[in-house]
Amino acid sequence: MENELNESAALDEARHDPSRPEFYKTVNPEAEYDGMLMQTGYRHHTANWDQMVNDKAAEMENELNESAALDEARHDPSRPEYYKTVNPESEYDGMLIQRHSALWNQEVDEASERLENEMNEASAWDEARHDPTRPEFYATRQTDNVFDGIYAQLNVEGSGHSKAYMKIQEDAEKQYDEQEKAEALAEEERREEARKSGLAVNETAPAAPVYSQKNTSFSQAEVYDGINLVQL
């Protein structure tokens, strides 16, 4: 007990003496770690723990080296990183980046292939239109311009039209059939009247005479003098 009191008195005296290192201590370890379970002796870690520490240290070292190399490249005009104005890490910070499925990648590949084929066909067609040895050079009607803005129906299963369209088409066909029947009935009535009148069914009125008289108000020889006429 006496020893503890002496140590406490000596420590208190040292804390108030600027010539002693205890004077400059601002943290009381006893109060700081009061109630905490402290490890007083050194305990050797397992091999697994040591391996994890070494791996983490190597990973951190690689990250530091990569960061230093990237920073150096960004300040070197001879490196492509010098001309990058967008930082992907800042650009996509906080965004959820979706990794696409194999089906999505397949659809993208197929669309890319179709687009490439269309571009190749368009390039070949444009080349043919400017080549006098190709028949496309003499084509004066371009179907692309003729049907531009027109909805073209593809060859699909069924008619491909809506019910409203089919109703309009049926009404038009019905009206056409009724018109044909009306014309046939009128023709039959005409034939019947011709029979009653004693005329031939196919008899027609004589054609009106066509009179031709030379125009003497001008001379054709003078009008066409010096002009070469080509008869097609």
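What follows is calculated from the coordinates using simple rules that are stated; it is not laboratory data. Bear in mind that the values here come from a model prediction, so they are computed numbers and not experimental data. Positions of Cβ are backbone-derived with ideal geometry, glycine not excepted, and every protein chain shown enters the neighbour counts.
Computing FRET efficiency as 1/(1 + (r/R0)^6) for Glu121 and Ile168, where r is the C-beta to C-beta distance and R0 is 30 Å, gives about 0.25. Over segment 95-135, the fraction of Cα-Cα pairs per 10 Å bin, rounded to whole percents and listed from the shortest bin up, is 25, 27, 21, 16, 9, 3.
Answer with one residue from Trp125, Pro135, Leu103: the one whose Cα lies farthest towards the positive end of the charge dipole of segment 102-144, charges on Cβ with Lys, Arg +1 and Asp, Glu -1. The residue sitting most towards the positive pole is Pro135. Each label point was placed 7 Å from the Cα along the Cα-to-Cβ direction; for Asp76 and Phe137 their separation is 5.5 nm.
Between Ser67 and Ala182, full extension at 0.36 nm per residue minus the direct alpha carbon distance yields a gain of 32.2 nm.
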